[in-house]
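Bear in mind that the values in this text are calculations on the coordinates, not laboratory data. Every value quoted in this text rests on a predicted model; they were computed, and no experiment measured them. For neighbour counting, all protein chains shown are included, and Cβ atoms are generated from backbone atoms with ideal geometry for every residue, glycine included.
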């Protein structure tokens with residue numbers, strides 16, 4: 001797992017780059033605000049219910065949550081399951097909203 005800043009993700013998205021974003025928060029958090037990631041709660045990753053993510057095993061995956069703690073846990077779990085390029089969004093959506101608003 002590596003860390004990635006909200007600025008780097010925003011810059012890449014603004015350039016039209018496709019990024020595999022995974023939101024590991026709960027559905028109600030995702031509904032309130034998200035940056036375009038697919039919702040895959042940490043509980044599902046902890047339960048190793050990651051079949052839907054298998055196609056991303058050899059691709060860059062950027063995980064995010066509210067502050068970066070849950071997404072760091074999720075990245076470590078995915079790393080143990082053989083994912084090769086996981087990145088944790090430092091500061092999560094809180095940092096995103098502080099820097100870029102809603």
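Work out how much length residue 44 to residue 99 would gain on full extension: take 0.36 nm times their residue separation and subtract the Cα-Cα distance, in nm to one decimal.
16.9 nm is the gain from fully extending residue 44 to residue 99.
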What ranking do 76, 1, 49 get, fewest neighbouring Cβ atoms within 10 angstrom at the top?
49, 76, 1
The chain: mean projected area of Cα convex hull, nm²:
5.7 nm²
Helical contribution to [θ] at 222 nm, DSSP H n ≥ 4, -39,500 (n - 2.57), averaged over the chain, rounded to 500:
-11000 deg cm²/dmol
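Please arrange 5, 71 by how many other C-beta atoms lie within 10 Å of their C-beta, fewest to most.
Sorted ascending by nearby Cβ count, the order is 5, 71.
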How large are Rg and Dmax for segment 4-56 when only the alpha carbon atoms are used, in Å?
12.4, 35
With a ≥ b ≥ c from the Cα gyration tensor eigenvalues, square-rooted, and the rule rounded for a/c under 1.5, otherwise prolate when a/b > b/c and oblate otherwise, segment 36-81 is rounded
Helix 69-80: angle to the longest alpha-carbon principal axis of the chain, degrees 0 to 90, nearest 10?
30 degrees
Residue 7 paired with residue 60, simple spin-label distance in nm, labels 7 Å along Cα-to-beta-carbon:
1.7 nm
So what is the relative contact order for the chain, in percent, with contacts set as C-alpha pairs under 8 Å and at least six apart?
35 percent
